[in-house]
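Asks: Take a look at this one; I'll ask things after.
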Number of protein chains: 4
Amino acid sequence: MLYFSCDYSEGCHPKVLEALSKTNMVSTPGYGQDEYCQSAKEKIKAYINCPDADIYFLVGGTQTNQTVIDSMLSNYDGVVAAASGHVAIHEAGAIEYSGHKVITLPSHEGKLQAEELKQMLIDHYADESAEHMVNPGMVYISYPTEYGTLYSRQELEAISSICREYDMPLYIDGARLAYGLAAQDDLTMSDIASLSDVFYIGGTKVGALFGEAVVFTKGNTPKHMLTQIKQHGALLAKGRLLGVQFDTLFTDNLYLEMGRSAVEHAALLRADLRNKGYTLYMENPTNQIFIVLENDKLEDFGRKVSYSFWEKYDEKHSIIRIATSWATTIEDVEELKKIL
Amino acid sequence: MLYFSCDYSEGCHPKVLEALSKTNMVSTPGYGQDEYCQSAKEKIKAYINCPDADIYFLVGGTQTNQTVIDSMLSNYDGVVAAASGHVAIHEAGAIEYSGHKVITLPSHEGKLQAEELKQMLIDHYADESAEHMVNPGMVYISYPTEYGTLYSRQELEAISSICREYDMPLYIDGARLAYGLAAQDDLTMSDIASLSDVFYIGGTKVGALFGEAVVFTKGNTPKHMLTQIKQHGALLAKGRLLGVQFDTLFTDNLYLEMGRSAVEHAALLRADLRNKGYTLYMENPTNQIFIVLENDKLEDFGRKVSYSFWEKYDEKHSIIRIATSWATTIEDVEELKKIL
Amino acid sequence: MLYFSCDYSEGCHPKVLEALSKTNMVSTPGYGQDEYCQSAKEKIKAYINCPDADIYFLVGGTQTNQTVIDSMLSNYDGVVAAASGHVAIHEAGAIEYSGHKVITLPSHEGKLQAEELKQMLIDHYADESAEHMVNPGMVYISYPTEYGTLYSRQELEAISSICREYDMPLYIDGARLAYGLAAQDDLTMSDIASLSDVFYIGGTKVGALFGEAVVFTKGNTPKHMLTQIKQHGALLAKGRLLGVQFDTLFTDNLYLEMGRSAVEHAALLRADLRNKGYTLYMENPTNQIFIVLENDKLEDFGRKVSYSFWEKYDEKHSIIRIATSWATTIEDVEELKKIL
Amino acid sequence: MLYFSCDYSEGCHPKVLEALSKTNMVSTPGYGQDEYCQSAKEKIKAYINCPDADIYFLVGGTQTNQTVIDSMLSNYDGVVAAASGHVAIHEAGAIEYSGHKVITLPSHEGKLQAEELKQMLIDHYADESAEHMVNPGMVYISYPTEYGTLYSRQELEAISSICREYDMPLYIDGARLAYGLAAQDDLTMSDIASLSDVFYIGGTKVGALFGEAVVFTKGNTPKHMLTQIKQHGALLAKGRLLGVQFDTLFTDNLYLEMGRSAVEHAALLRADLRNKGYTLYMENPTNQIFIVLENDKLEDFGRKVSYSFWEKYDEKHSIIRIATSWATTIEDVEELKKIL
């Protein structure tokens, strides 16, 4: 069985495992007060060229979204997101559980449109009933989106600029950040830091066993952030595990290299699919490939390849997703091409 | 200045005031344990022909929606509503504040469509990611809707039947119940009780100073309901005030009579508006009238009549709402007709 | 049956009823945007000599405590209260429901002790684990306390001074404020305003049908307070009812006069009880009287007088509470004295 | 520097690391749907002799407590705990954040007393105001307690029996379960399963990198538990990491063996401390040792040994904690004895 169902099917990159093994019996203080976390933070700050950034390591994506959004919003605030945003659909209501509405705007291939965001804000503040409604308190976007698509630099700048105009933080969910940056020439992680108010660097889907690095970029860390992380059940006792992993990811450019590898492998597959006449859905340049497949072929394909069923396309077709990752090898790619 | 801006501009029906005055110095136990509440409950149960109903009196609509929905849902549940539903927009996020997502479906003149509800449920339970999503745990509809429209008996039956099939309670927000029932010949409050699992009889907008009567119709009262009401800040110390008011509303058919009066006055205005060539928006048979007005005329109209600005219609026109109520007199109607 | 079970057994003071009746059919905007609310606020601000105070009218005590505390605290904050505080026991967990811990200190006849508060704060901030604990974010006291006792001016000043030192708001629950101020010569409502950061003037227990006036005294109103009130289900549609009532309570010194009347009647009863050899419990100068009664006598007494059972005293005795109120007449007092 | 500050200073037991390394590049489904989780669950069920147990793996202790307690309680419920309980103090208000009060009873060397629990329940249900108070909905105890003390079998049986009488689940926090069971001859994990309704087997402090295994023992798993775990941000994407670890911990009796080792090492230290005349505080038979030390000696001791400051003992003395763990070697013990 070939595994292409998602980008978190394996453990971690061998270098990460090596680092965890090497440091395994070292004694350190808990809760992220260790030297590995310190070192990882320094490396990230240097990498994003943001010496004043404040960084926290959390374990998983939903947890991170819940903790960041809830700690930055006031009671009366909601978070604006595309209707297809992870926080709007696939987090089991974790945002609402923390008391906040997810205010959705139409999804354009997974993306928010700046003009629609602006219009919504204009309408909201012009509405006589605004005080009877949830206040738009933050904008959430994912980069890459849940469909693997990317905001152009211009699109990001437009959204960032609206956020500043309305004094709303812009939060970028970077669960697959490496796969986005590797696919976009004119954007760096430093740009992400500069355009956002807070973003997270996804480790779970990019070579770590687990872990997301939350970066507050504008001296805007919520007060008592450690307490808030703990209150959300998100403070790892052995925080050093996160430090060791991110320290490794940000050594010798490993993080972006893994992104490049996955993106190149996806490109090979995409080319092959196109050659063979497959219909791609929501085309994108990152590590996720959405294919329109005849329902008849699903079962047979599924016997050979582990994929994700995405959604019904029409009566006779389905959309499935295959994803490459840091763990995908050229052999996996060749094997899959044979099957396709 | 003529007041047509909403149906809660005045105090209460003279008979309600009289009852409050007459009982004012009587000493009673607090928190709804008094004889007036008891009497009101008996009258409502008889009126809806549901001897086993369990009734609680709360103060206002948002409070009632928050308390009922939160007490009937589990953590993992959300409430399904039309995108235009009061709980989805104009309750300042009170539902999300209590931890639950409002799962929206398209609004068809304010109404949920049974087919779309059914399809959403089919899709949800067929989705492999269903356990990563909020569970649809209840259906919320308002009768009349926020646009004054009414579900037909058939539409209500269809939605009710889907709810039973999926074992989800159907909750009917009856903030303006009297104005709906008075406008629909083939539906009674007893039908509402029978088709729903819980509904509320709105007092605030129909002749009471304040108050909504929540009716659990299927032996389905959440445990420790009094505690839950208190926990939501919704337990009135002098609960007798609610008892006295609802006892009066359900004496000599006052509640429905007030509904009839408002609906008849609205019909007179609607006829006049049509005669004069006004464009009505989202036409409906109840007490709310939505008029498309040229922006130029708004200011002048507003000097003579207090109305509600609803929303922009196009560049040159706006939608405004005027509402009749139990307090509207035929003189008010004639006066308004002169201005129109 | 004589009613002495609590101070919210009747409707409202005749003058309040008269004002409600007189204004009943006047049309006003909703949600407290009416002229009666405006007038009431002006009168209160003048009365407390605090022209910059910001005032909101809510319906009941638990609702007010929940809304005020939750809107002033951040996620990581808890509220410090005496173990006997209303928020700690008798509000069905409304504070925890809103996400905040009630951090309790020993109750000294219902009161917090300044020294213990100070020590707790010193200990908390010296604790290496402080960031793993709830942050003490506010101090809650009730005046009078749940036992009818009063903080001396000196005690209040000590607590207020600690709050300022630690930059924590001091919140005074004045559900029975009139009964406290009427019993204490050297303290005025203006002093309460000056010593606290926020307090509320209780109407429900002092002559109103319902209603509590929340006063932010230091330019410290939480942002979007109206939205927050609505989100907590605490925004009354016909806000004018609160305005009319508080306007009346603060006309011709009615609020304090009612307090005086109740306190004088309680004093008469207390003197009689002492004369007759009854044992009083937690003696206090306000409108609540706690009596140690032999269990044998409870039933007979209860047939003649409605009282509150408070708690077991010992195997053979119970503590019961009788309360006078604005509605208690000298005839009621004489009647009760005959029974005692 | 010798590390005795806590039992989560190192990574994981070498066998756990080996298993993680060996399975690192295996592809598996996410969210705990993998074969390692399956295998681990089977081993645990066999070990506790409870074939119908339902098991979930979570990442950390506070997260586990929050998720278990919140998913088992209704809105109106609180959780009863000793005042020294972890949920009552050191979880940053995570329980209150989820809406529930922690109802505290006196701590007797870290333990709840059955008699006091019973009396509290009797008093609660006899209280006329019970419906205005938080309902005691669950009992939380930790085994071992936060002070390393252990409930005797008889004590556990008494508490368990009260819980059944009142139909309240008994939840046992086993963050250090191995260290308790290794120190108590007449109690097995199977007994823990039998006496409780839900408990968790702590991995973080006993040889795992992280991880706690929640065991529902009475067919009482809350509905949609996976959704609830996700909603609390507690669902690990690569759930297999938890499966692999617990599978190893429950192979060849490793879990209990690690407990034994730590307990034996603690016993050696305790004997040495007694011999040398140190004063022990809250004596207990498990892996935590509380020592009363002169303040003068703290600094010097701290230069050689990493310990935890616990609390002030008197003006001149402090209580410090040293903890052995699975990682403590006999060499560490000998080294420490030289310093003592």
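Asks: Considering all projection directions equally, how large on average is the shadow of the alpha-carbon convex hull of chain C, in square nanometres?
Replies: 18.0 nm²
Asks: How high is the relative contact order of chain C, in percent, counting Cα pairs under 8 Å that sit 6 or more residues apart?
Replies: The value is 26 percent.
Asks: So the label point sits 7 Å from Cα along the Cα-to-Cβ vector; using that for residue A:22, what distances do you get to the other copies, in nanometres, sorted shortest first?
Replies: Result for residue A:22, in nm, nearest copy first: 2.5, 8.6, 8.9.
Asks: Which values, in whole Å and largest first, are the semi-axes of the equivalent ellipsoid of the range A:40-87 obtained as the square root of 5 times each eigenvalue of the Cα gyration tensor?
Replies: Semi-axis lengths for the range A:40-87 are 25, 13, 11 Å.
Asks: Would you mind giving the mean number of other chain beta-carbons within 10 Å of the Cβ of each residue in C:125-135, as a whole number?
Replies: Shielding by partners across C:125-135 averages 6.
Asks: Please state, as a whole number in µm²/s, the translational diffusion coefficient that the Stokes-Einstein equation yields for the range D:1-120 at 25 °C and 0.890 mPa s, with Rh defined as the Kirkwood radius across alpha carbon pairs.
Replies: Translational D for this selection: 137 µm²/s.
Asks: Distances from residue B:339 to the same position in the other copies: list them in nm, one decimal, shortest first, using label points 7 Å from Cα along Cα→Cβ.
Replies: Result, one decimal in nm: 5.5, 7.2, 8.5.
Asks: Which value at 222 nm does chain B reach when only helices count, each DSSP H run of 4 or more adding -39,500 (n - 2.57), with the total divided by all residues and rounded to the nearest 500 deg cm²/dmol?
Replies: -12000 deg cm²/dmol
Asks: Taking the Cα centroid of the range C:189-263 and of the range A:1-33, what is the distance between the two, rounded to the nearest whole Å?
Replies: After rounding, the separation between the Cα centres reads 58 Å.
Asks: For C:101, D:304, D:22, B:45, which order do you get if you count the other beta carbons within 10 Å of each Cβ and list the fewest first?
Replies: D:22, D:304, B:45, C:101
Asks: Moving on to the next point. Tell me which C residue has its C-beta closest to the axis rotating C onto A, and the distance in Å?
Replies: Chain C residue with minimal Cβ-axis distance: C:99, 4.
Asks: Continuing with the same structure: Taking the label point as lying 7 angstrom from Cα along the Cα-to-Cβ axis, what are the distances from residue C:157 to the corresponding position in the remaining copies, in ascending order and in nanometres?
Replies: Nearest to farthest, the other copies are at 6.2, 6.3, 7.7 nm.
Asks: With respect to the cross-link table entries A:276/A:337; B:230/C:230; D:276/D:297; A:238/D:43; D:41/D:238, which display a Cα-Cα separation exceeding 19 Å?
Replies: A:238/D:43
Asks: Please say if the range B:202-340 is rounded, prolate or oblate, where rounded means a/c under 1.5 for a ≥ b ≥ c the square roots of the C-alpha gyration tensor eigenvalues, and otherwise the choice is prolate for a/b larger than b/c and oblate otherwise?
Replies: prolate
Asks: Which of the lysines could a cross-linker span from residue A:118 if the Cα-Cα distance has to be under 24 Å and same-chain partners fewer than 8 positions apart are dropped?
Replies: A:101, A:218, B:312, B:316, C:223
Asks: With only alpha-carbon atoms counted, please give the Rg and Dmax of the range D:164-239, in Å.
Replies: 13.9, 40
Asks: Hey, got the average number of other protein chain Cβ atoms within 10 angstrom for residues in C:70-80?
Replies: The shielding value for this peptide is 5.
Asks: Further, regarding this structure: In peptide B:216-227, how many Cβ atoms from other protein chains are near each Cβ within 10 Å, on average?
Replies: 3
Asks: Also, I was wondering about something else. To check my understanding: the extent here is largest minus smallest coordinate of the Cα atoms along each principal axis. What are those three numbers for the range D:106-209, in Å, largest first?
Replies: 49, 28, 24
Asks: What translational D, rounded to a whole number of µm²/s, comes out for the range B:107-166 from Stokes-Einstein when the hydrodynamic radius is the Kirkwood one over Cα pairs, at 4 °C and 1.567 mPa s?
Replies: After rounding, the answer is 104 µm²/s.
Asks: Kindly provide the Kirkwood hydrodynamic radius of the protein assembly as shown in Å, to one decimal, from all pairs of distinct alpha carbon atoms.
Replies: Every distinct Cα pair counted, the radius reaches 33.5 Å.
Asks: Right, here's the next one. When all C-alpha to C-alpha distances in the range A:231-305 are sorted into bins of 10 Å, what percent of pairs does each bin hold, rounded to whole numbers?
Replies: 15, 29, 23, 22, 12, 0
Values in this text are rule-based calculations from the coordinates and carry no lab data. Quantities reported herein were computed from a predicted structural model and do not represent experimental measurements. Note that we place each Cβ from the backbone using ideal geometry, even for glycine, and neighbour counts take in every protein chain shown.
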